[in-house]
Amino acid sequence: MITLNFPFSREQLSKNLNIIINVCQRGGIIIYPTETFYAIGGNALDRKLGERLSEIKKRPPDKPFPCLAGSRKALNLLVSDWPEKALLLADRYWPGALTLVLNGYRDLPRAILGEDGSVAVRWSPHPLLNELAKLTDLPLISTSANLSGQPAAVKAEELDPQLLAAASLLIIADNQNSDLRPSTIIDARIDPPLLLRLGAVVVKEIQASNP
């Protein structure tokens with residue numbers, strides 16, 4: 001397993017970003033930091049990756065994985081329809097710890113596409129994703145780096161050995177943020193949008209309709 005420490009120096013930046021991209025393009029599993037917890041994932045468009053992740057995490061295969069992106073172009077590889085309210089929420093709260101459930105393309109891998117045709121997406125403000133977005137529009141599967149039912153990892157030392165053994169790449173950057181709530185999840189396909197999980201972002205626009 002390759003291990004990288006983020007942030008990268010100016011001398012390391014280009015080389016390390018290309019290492020990450022190459023691992024993802026080859027279908028490798030990566031463990032990486034986000035603004036909330038460590039995530040495990042890889043190329044969201046890889047049809048075999050999600051199946052492997054479900055087995056590794058002991059996660060039900062019919063439970064789709066959320067996705068992370070660092071650009072609008074990457075999001076548009078997943079999302080087929082942007083309702084007006086979804087665009088307003090995205091403009092106000094992205095990049096940020098807000099996950100939007102939207103309609104996905106019908107030919108997306110089953111690991112990220114719900115039975116109802118939905119896909120859960122988030123634009124992360126983490127600087128690693130910002131750097132990657134300068135070189136690639138590849139969206140990532142982004143599920144917490146823990147076995148199903150176990151606590152999420154805030155520090156690299158908390159990562160489960162089984163996950164580390166399965167990963168091709170580990171990017172270390174322990175979160176110094178004191179707010180360790182997961183992302184807020186909103187179904188933005190409907191009007192008014194529906195709050196599914198309250199997390200790190202409080203979306204005032206929908207509180208009245210979702211007591």
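Please arrange 181, 122, 10 by how many other C-beta atoms lie within 10 Å of their C-beta, fewest to most.
10, 181, 122
Please list, in order along region 187-200, the HN-Hα scalar couplings obtained from phi with the Karplus expression 6.51 cos²θ - 1.76 cosθ + 1.60 (θ = phi - 60°), rounded to whole Hz, x for Gly and Pro.
7, 9, 7, 10, 10, x, x, 10, 6, 9, 8, 8, x, 6
Could you pull out every residue, at least 5 positions away or on a different chain, whose amide H is within less than 5 Å of the one on residue 99? Hs are placed 1.01 Å off N in the peptide plane, and Pro or chain starts have none.
Those qualifying (amide H under 5 Å, at least 5 residues apart or on another chain) are 184, 185, 186.
Tell me whether region 94-211 comes out rounded, prolate or oblate; compute the Cα gyration tensor, take square roots of the eigenvalues as a ≥ b ≥ c, and use a/c under 1.5 as the rounded threshold.
Prolate, since a/c reaches 1.5 and a/b exceeds b/c.
Could you point to the residue in 95, 132, 143 farthest towards the positive end of region 2-206's charge dipole, with +1 and -1 charges on the Cβ of Lys/Arg and Asp/Glu respectively?
132
Where in region 10-29 does the amide nitrogen come within less than 16 Å of the point 7 Å from the Cα of residue 135, taken along Cα to Cβ?
10-28
Please list, or write none, the lysines whose alpha carbon is within less than 17 Å of the alpha carbon of residue 58, excluding same-chain residues fewer than 8 places away.
Output for residue 58: 48.
Using Cβ counts within 10 Å as a stand-in for footprinting exposure, how do 23, 202 rank, fewest first?
202, 23
Is the C-alpha gyration tensor of region 2-206 telling us rounded, prolate or oblate? Criteria: a/c under 1.5 is rounded; beyond that, a/b larger than b/c is prolate, otherwise oblate.
rounded
What pairs in 85/204; 57/155; 57/204; 134/204; 155/204 have C-alpha atoms more than 23 Å from each other?
57/204; 134/204; 155/204
Grab the Cα-Cα distance for residue 105 and residue 9, subtract it from 0.36 nm times how many residues apart they are, and report the gain in nm with one decimal.
Full extension of this stretch gives 30.8 nm more.
Near residue 142, within a Cβ-to-Cβ distance under 13 Å, what is the net charge of the other residues, with Lys and Arg +1 and Asp and Glu -1?
Taking every other residue near residue 142 into account, the sum is +1.
HN-Hα J couplings of region 125-135 from phi, Karplus 6.51/-1.76/1.60, θ = phi - 60°, integer Hz, Gly and Pro as x?
x, 4, x, 4, 5, 5, 5, 4, 5, 6, 10
Would region 23-62 count as rounded, prolate or oblate if I go by the C-alpha gyration tensor, calling it rounded below 1.5 in a/c and otherwise prolate when a/b exceeds b/c, oblate otherwise?
Oblate shape, in that a/c is at least 1.5 and b/c is the bigger or equal ratio.
Specify the inter-centroid distance of region 1-78 and region 183-203, based on alpha-carbon positions, in whole Å.
Computed from Cα coordinates, the inter-centre distance equals 24 Å.
Which part of region 46-73 falls in the paramagnetic zone of residue 148, meaning amide N under 15 Å from the point 7 Å along Cα-to-beta-carbon?
50-66
Give, in nm to one decimal, the length gained when the segment between residue 18 and residue 73 is fully stretched (0.36 nm per residue of separation minus the Cα-Cα distance).
Gain on extension, residue 18 to residue 73, equals 17.9 nm.
Can you list residues from other chains, or at least 5 along the same chain, whose modelled amide H is less than 5 Å from the amide H of residue 104?
80, 118, 119
In whole Hz, what ³J(HN,Hα) sequence does region 64-78 give by Karplus (6.51, -1.76, 1.60; θ = phi - 60°), x for Gly and Pro?
Computed from phi, the couplings for region 64-78 are x, 8, x, 10, 10, 9, x, 7, 5, 4, 5, 4, 6, 6, 10 Hz.
Mind checking the dipole of region 1-136: about its Cα centre, +1 per Lys or Arg Cβ, -1 per Asp or Glu Cβ, Debye to the nearest 20?
So the dipole magnitude of region 1-136 works out to roughly 280 debye.
As a check on your grasp of the helix formula, calculate [θ] at 222 nm for the chain: sum -39500 (n - 2.57) over DSSP H runs of n ≥ 4, divide by the residue count, round to the nearest 500.
-7000 deg cm²/dmol
List every residue whose amide H lies under 5 Å from the amide H of residue 153, counting only residues 5 or more places away in sequence or on a different chain, with H placed 1.01 Å from N in the peptide plane.
Correct list: 38, 145.
Every number in this text was worked out from the coordinates using simple rules, so none of it is lab data. All values derive from a computational prediction rather than experimental measurement. Quick reminder, even Gly has a Cβ in these numbers, built from the backbone with ideal geometry, and neighbours come from all protein chains shown.
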